[in-house]
Amino acid sequence: MAASKACSSSAATNFKVFRGTFVHSTQEEALVILEDALLGVDSTGKISFVEKGPELEKVSAKFGFNPSAVTQLSPQEFFMPGLVDTHIHAAQYSFAGTALDLPLLDWLQTYTFPVESRYSDLEFARQVYTHVVKRTLRNGTTTACYFATIHTDASLLLGEIANDFGQRALVGKVCMDRNGLHEHYKEETQESLDETSRFISELIKRKYPLVKPVVTPRFSVSCTSELMLKLAEVARNNNLHIQSHISENKDEVALVQELFPESESYTDVYRKHNLLTSKTIMAHGCYLSDEELKIFHQTGSSLAHCPNSNLSLCSGLLDVRKVLSHKVKLGLGTDVAGGYSPSMLDAVRRTRDTSKALKIQDPVHQTLTWEETFRLATLGGSQALSMDDQTGNFVVGKDFDALRVNVAAPNGPIDLVQDDGPKVLLEKFLNLGDDRNILEVYVAGRKVVPL
């Protein structure tokens with residue numbers, strides 16, 4: 001347990017204090033359970049203290065709050081850190097749950113690019129983006145790393161909507177100056193650079209506290225060398241995140257080799273274009289070699305594991321254990337709409353399924369534990385996005401991004417037939433739960449769900 005300095009009496013009136021069970025992860029432990037704990041959130045939304053419940057009188061005197069104002073959780077409730085979606089295509093939400101019958105490149109050509117072309121229509125964009133932000137928040141996603149489209153104004157609108165609903169978000173205007181799959185859905189090189197600069201400038205000017213731009217070359221198949229090199233400069237000059245895709249599908253890997261014959265690997269393409277940094281998040285990585293993973297470790301770049309999409313489009317099976325053995329940062333992503341579910345709980349389940357499938361193929365493979373997948377969905381995601389100094393677990397000084405979960409929610413999906421402890425309750429929620437179990441969602445101390 002830890003605590004910050006006592007607050008002034010005036011600040012104490014803005015305190016939120018909760019008492020009950022808190023579950024989270026640390027770098028050392030995949031699951032830490034704090035039973036009958038007190039957690040205080042100050043007026044700025046930061047965790048001010050984490051103390052023991054029986055010490056309520058002493059803690060309340062120190063921090064100047066009324067013990068009667070403490071919110072008490074029931075025995076079937078707990079707080080957990082907010083879920084972090086490290087890879088989601090907001091623009092594809094309109095066809096989520098459909099169009100899963102083709103491999104990646106055919107899927108992009110047939111379904112994705114025609115839909116993304118519609119986002120010059122801001123009313124259509126507003127409708128879809130409002131739905132996806134609300135849906136992901138209700139499903140417990142407190143932080144999302146979004147791909148938008150090539151349309152600057154619609155991308156800015158996504159940032160506005162995320163801010164309005166209180167979601168922590170990285171938002172990327174997609175950049176692509178070549179497209180052999182859909183010739184009308186692309187930009188000229190200079191146009192892409194100019195519009196990216198406008199997007200970054202305007203989003204930063206709005207001073208949204210939790211929404212930031214991310215430089216977004218779609219993938220090397222749709223970007224020329226000139227564009228990628230200059231986007232790397234933009235990211236470096238503005239100290240911004242970078243997001244893209246890598247090694248998702250065998251045909252895609254072969255196409256990259258054809259387009260960049262001078263490069264040793266897919267990873268080498270991005271390295272030569274200065275796009276691998278400590279603030280880079282690359283989605284998929286199913287076919288990365290040991291040498292490529294070493295480059296990820298050396299550059300501090302991260303991977304977003306998107307198991308639903310990898311399975312739904314028959315792209316591949318990422319060996320997460322192998323990635324982690326190379327000490328590469330890794331989080332989970334829904335990858336809507338290649339992944340059909342916008343829920344990070346689904347990403348948790350599909351991560352375990354993938355690990356078990358690898359075990360079937362190779363009995364020596366060490367499957368991921370459910371506790372490890374819990375960490376990947378929370379702290380791991382914040383580390384992958386280089387946000388673990390702000391969020392990811394219940395550490396004093398971090399923002400209070402949290403879900404209040406009731407495993408026994410009325411009319412919910414879980415039946416409890418005995419008095420289970422908090423570890424069992426968490427496991428049941430991760431495997432069986434849904435948005436009906438998520439009573440409240442907090443982002444930076446603000447209650448954003450119920451909407």
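In the chain, if the dipole is taken from +1 on Lys/Arg beta carbons and -1 on Asp/Glu beta carbons about the Cα centre, which of His182, Leu426, Leu332 is farthest to the positive end?
Result: Leu426, furthest along the dipole toward the positive end.
Out of the DSSP beta bridges found with both residues in the chain, what percent are antiparallel (nearest 5)? Walk me through the intermediate numbers first.
Numbers: 28 of 60 bridges.
The answer is about 45 percent antiparallel.
Relative contact order (percent) for the stretch 401-451, with alpha-carbon contacts under 8 angstrom and 6 or more residues of separation?
On the way: 62 pairs, mean separation 24.0, N = 51.
That works out to 47 percent.
Note down the net charge around Leu181, summing +1 for each Lys or Arg and -1 for each Asp or Glu among other residues with Cβ under 12 Å from its Cβ. Walk me through the numbers on the way to the answer.
Values: positive: Arg178, Lys186, Arg218; negative: Asp106, Glu116, Glu183, Asp251, Glu252.
The answer is -2.
Just the number, please: percent antiparallel of the DSSP beta bridges in the stretch 74-204, rounded to the nearest 5. List each step's numbers first, then the result.
Working: 0 of 10 bridges.
Close to 0 percent.
Return one whole number: the accessible area per residue of the chain in Å², for a 1.4 Å probe. Working shown, then result.
Numbers: 17520 Å² over 451 residues.
Per residue, the chain has 39 Å² of solvent-accessible surface.
I'd like the carbon and sulfur percentage of the solvent accessible area for the chain, probe radius 1.4 Å, heavy atoms only, ligands and nucleic acids excluded. Walk me through the intermediate numbers first.
Values: 8440 of 17520 Å².
Summing carbon and sulfur atoms, their accessible area is 48 percent of the total for the chain.
Quick one: which of 77-87, 25-35 comes out on top by average Cβ neighbours within 10 Å, and what's the full order, highest first? Walk me through the numbers before you get to the answer.
Numbers: 77-87: 27.8, 25-35: 15.1.
Packing proxy ranking, top to bottom: 77-87, 25-35.
Below 8 Å, C-alpha to C-alpha, sequence gap of six or more: please give me the relative contact order for the chain in percent.
Numbers: 1000 pairs, mean separation 88.5, N = 451.
That works out to 20 percent.
Could you tell me which label, among (i) 68, 54, 41; (ii) 74, 56, 45; (iii) 106, 56, 50, carries the value of Cα extents along the principal axes in Å calculated for this structure?
(i)
Apply the Karplus parameterisation 6.51 cos²θ - 1.76 cosθ + 1.60, with θ equal to phi minus 60°, to every residue of the stretch 289-300 and state each ³J(HN,Hα) to the nearest whole Hz, in sequence, with x for glycine and proline.
Each residue's phi maps through the Karplus curve to give 7, 4, 5, 5, 5, 4, 5, 4, 5, 5, 8, x Hz.
Quick one: helix 225-238 against the long Cα principal axis of the chain, what's the angle to the nearest 10°, folded into 0 to 90?
Between the helix axis and the principal axis of the chain, the angle is about 30 degrees.
I'd like to know which of Ser343, Asn274, Phe296 lies farthest towards the positive end of the charge dipole of the stretch 274-352, counting +1 on Cβ of Lys and Arg and -1 on Cβ of Asp and Glu.
Toward the positive end, the furthest listed residue is Ser343.
Which links in Lys207/Lys398; Lys212/Lys327; Lys58/Lys212; Lys134/Lys359 stretch past 32 Å when you go from one Cα to the other?
Values: Lys207/Lys398 20 Å; Lys212/Lys327 27 Å; Lys58/Lys212 40 Å; Lys134/Lys359 36 Å.
Lys58/Lys212; Lys134/Lys359, as the Cα separations exceed 32 Å there.
Rank by packing, highest mean first: peptides 217-224, 380-387, with packing defined as the count of other Cβ atoms within 10 Å averaged across residues.
Details: 217-224: 23.2, 380-387: 26.1.
Going from most to least packed, we get 380-387, 217-224.
Just add up the charged neighbours of Leu276: K/R +1, D/E -1, any other residue whose Cβ is under 11 Å from the Cβ of Leu276.
Numbers: positive: Arg271, Lys272, Lys279; negative: Asp268, Glu292.
Net charge around Leu276: +1.
Find the relative contact order for the stretch 206-355 and round it to a whole percent, using C-alpha pairs within less than 8 Å whose residues are 6+ positions apart. List each step's numbers first, then the result.
Working: 248 pairs, mean separation 27.9, N = 150.
Answer for the stretch 206-355 is 19 percent.
Once you charge only the Cβ atoms, +1 for Lys and Arg and -1 for Asp and Glu, what is the size of the charge dipole of the chain about its Cα centre, to the nearest 20 debye?
Dipole of the chain, to the nearest 20 debye: 1260 debye.
How do 54-66, 143-155 rank on mean C-beta neighbours within 10 Å, highest first? Spell out each step's value before the answer.
Working: 54-66: 15.5, 143-155: 25.6.
Listed from highest to lowest mean packing, they are 143-155, 54-66.
Please give me the summed charge of the neighbours of Gly53: other residues whose Cβ is under 13 Å from its Cβ, Lys and Arg +1, Asp and Glu -1. Before the final figure, lay out each step's value.
On the way: positive: Arg19, Lys52, Lys58; negative: Glu35, Asp36, Glu51, Glu55, Glu57.
Summing Lys and Arg as +1 and Asp and Glu as -1 gives -2.
The values are calculated or read from the model by the stated rules, or taken from the named source; none is laboratory data. These numbers were taken from a predicted model, which means no experiment stands behind them. Every residue, glycine among them, receives a Cβ derived from its backbone with ideal geometry; neighbour counts consider all protein chains shown. The protein model used for the area step is the full one, side chains on, heavy atoms only, and it has no ligands, DNA or RNA in it. Shrake-Rupley method; radii C 1.70, N 1.55, O 1.52, S 1.80 Å.
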